[in-house]
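Read-outs: derived from the displayed coordinates by stated rules, not from any lab. Predicted model, so just to flag it, every value in this text is computed and none were measured. In this analysis, Cβ positions are derived from the backbone assuming ideal geometry, glycine residues included, and neighbour counts consider all displayed protein chains.
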Amino acid sequence: MELLIPKREYIKYRVNMGKFKKNKKLVKFIHWSTSAGRNMFSIHKIDERIRIAARFLLDKDFLIVGTELDEEYCKKFGKFTGAKVISNYTSSIISNPNNKEYFEPDVLFVTNVDENQNAIQEANINRIPVLAFCNTNSDVSGVDLIVPLNTSNKYAIGLSLWLILNEMRKLKKEEEIPFEEFMKKE
């Protein structure tokens, strides 16, 4: 199957660059290690998981929980998809109807599994499926759908969100959002 974008673009934005450590549950996504010991994800597996993520999110109300690093891209993704976006998750947003920010999503989408364990645990308690971007060393406990990629680079996250967005738009037979429009600073 042809990649969503050329392989060189995944490499340019360092989407496949992992960490030096690896979690046994993520080994199946790692293609090779550099001579210095850095683990590198398989670009084909990243591409495949991005397509699966788009189908997984299609026609669902979902909450995207990002971080300060990727906040601007999460907001753009939310604008185009209608998803609710939170950059700093606080307890009880998806579990306490008395919380003023309460939201009951069909899916919790987390851009960095390591920084948002509390949101994942809360989703698990409430039986909400979790889709998460995970690096080679991430704790994937409680994650239902792993999208392996470099969670330390905002451009890698931004590019991945743009790819998921456009895959969702293709499935809905909607016009794609140009890369330049999504990735530019506002």
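For the reader, a short list of remarks on this structure follows.
- Exceedance of the 22 Å cut-off in Cα-Cα distance is limited, within the set Lys21/Lys154; Lys100/Lys184; Lys12/Lys170; Lys75/Lys185; Lys7/Lys170, to Lys100/Lys184; Lys12/Lys170.
- Here the residues Cys134, Cys74, ranked from fewest to most Cβ neighbours within 10 Å of their Cβ, fall in the order Cys74, Cys134.
- The loop-placed chymotrypsin sites (Phe, Trp or Tyr not before Pro) in segment 42-114, going by DSSP, that have at most 16 neighbouring Cβ atoms within 10 Å of their Cβ come out as Tyr102, Phe103.
- Rounded to the nearest 20 debye, dipole of segment 1-143 from Cβ charges on Lys, Arg, Asp, Glu: 700
- Pairwise centroid distance, computed over Cα atoms, of segment 105-127 with segment 16-88, Å: 14
- Spacing of the two label points (7 Å from each Cα toward its C-beta) at Lys28 and Thr90, in nm: 3.9
- For the chain, average projected area of the Cα convex hull in nm²: 10.5
- For the chain, the 222 nm mean residue ellipticity estimated from helices alone, with every DSSP H stretch of n ≥ 4 adding -39500 (n - 2.57) and the total spread over all residues, rounds to -10500 deg cm²/dmol.
- Positive-end residue of Thr111, Ser35, Asn99, charge dipole of segment 9-114 with Cβ unit charges: Ser35
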